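Each remark here refers to the structure printed beneath this line.
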Amino acid sequence: MRILSERSAEYLIRQAEAGAEVLQIFDSWSGVLDEESFALACVEPVRHIVTKVREKFPDIPIIGFPKGASEFLEHYREKTGVTALGLDWTVPPNRAKHLANQGCVQGNLDPLRLLAGGSALERGIDAIMSKLSGSPFVFNLGHGILPATPIEHVEAMIRRVRG
């Protein structure tokens with residue numbers, strides 16, 4: 001894990017040197033870990049990455065996205081030093097609001113709503129916007145765009161969020 005975190009930090013530093021204004025660390029498998037494993041295999045490596053990046057770029061925002069780690073999110077934010085938390089679609093709106101009251105969050109539209117489009121997409125966007133408006137948050141998907149998602153749905157989402 002030390003080698004991976006060192007290389008990840010080097011990569012993110014190079015991204016910042018190339019002009020990236022915000023960095024994001026994804027851990028798509030963190031939600032399958034028990035508490036001890038989460039601390040060792042997710043929190044510690046991310047803390048190391050954040051520390052190394054901040055040595056060169058102390059003010060760059062870093063978003064940490066530990067997918068599926070809902071019950072560990074406060075601990076993750078506190079122990080890693082990330083600027084913002086990426087939330088997957090399984091984080092309920094009230095929990096997202098609680099987390100946003102503690103600091104910036106990003107997320108958390110279900111990618112299936114974007115795939116479906118129409119009223120399912122609109123309801124999902126509206127629920128997030130109404131719950132998190134006024135809080136520090138970045139609207140985003142709760143984990144990646146599905147390959148079959150029509151571009152028209154993406155365009156509709158952008159219009160509604162900007163609306």
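The values are calculated or read from the model by the stated rules, or taken from the named source; none is laboratory data. Bear in mind that the values here come from a model prediction, so they are computed numbers and not experimental data. Don't worry about glycine lacking a Cβ; one is built from the backbone with ideal geometry, like all the others, and counts go over all protein chains shown.
In the list ILE63, ILE49, which residue meets the criterion of being hydrophobic (A, V, I, L, M, F, W, C), farther than 30 Å from SER130 by Cβ and in contact with a strand residue (DSSP E or B) (Cβ under 8 Å, 6 or more places away or on another chain)?
Sole residue among the options that is hydrophobic (A, V, I, L, M, F, W, C), farther than 30 Å from SER130 by Cβ and in contact with a strand residue (DSSP E or B) (Cβ under 8 Å, 6 or more places away or on another chain): ILE49.
Can you tell me which condition MET1 does not meet? The list is (1) surrounded by 13 or more Cβ atoms within 10 Å (Cβ to Cβ); (2) in contact with a helix residue (DSSP H, G or I) (Cβ under 7 Å, 6 or more places away or on another chain); (3) modelled with pLDDT under 95; (4) more than 22 Å from GLY134 (Cα to Cα), and all the others hold.
For MET1, the exception is condition (1).
So, in the range 122-163, exactly how many residues are assigned to a helix (DSSP H, G or I), touching a residue at least 24 places away in the same chain (Cβ under 8 Å) and in contact with a strand residue (DSSP E or B) (Cβ under 8 Å, 6 or more places away or on another chain)?
Residues flagged as assigned to a helix (DSSP H, G or I), touching a residue at least 24 places away in the same chain (Cβ under 8 Å) and in contact with a strand residue (DSSP E or B) (Cβ under 8 Å, 6 or more places away or on another chain) within the range 122-163 amount to 6.
Here is a check on your reading of the model: is ALA120 surrounded by fewer than 16 Cβ atoms within 10 Å (Cβ to Cβ), aliphatic (A, V, I, L, M) and not assigned by TED's automatic domain parsing to the domain that holds ASP27?
Judged against the criteria, ALA120 is a match.
Failed condition for ARG113, given (1) within 19 Å of LYS67 (Cα to Cα); (2) in contact with a strand residue (DSSP E or B) (Cβ under 7 Å, 6 or more places away or on another chain); (3) of a type outside the set (Ser, Thr, Tyr), with all others met?
(2)
Of the residues that sit in the range 10-32 and are closer than 28 Å to THR90 by Cα and either touching a helix residue (DSSP H, G or I) at 6+ places or on another chain (Cβ under 6 Å) or among the β-branched types (Val, Ile, Thr) (or both), which one is surrounded by the fewest Cβ atoms within 10 Å (Cβ to Cβ)?
VAL32
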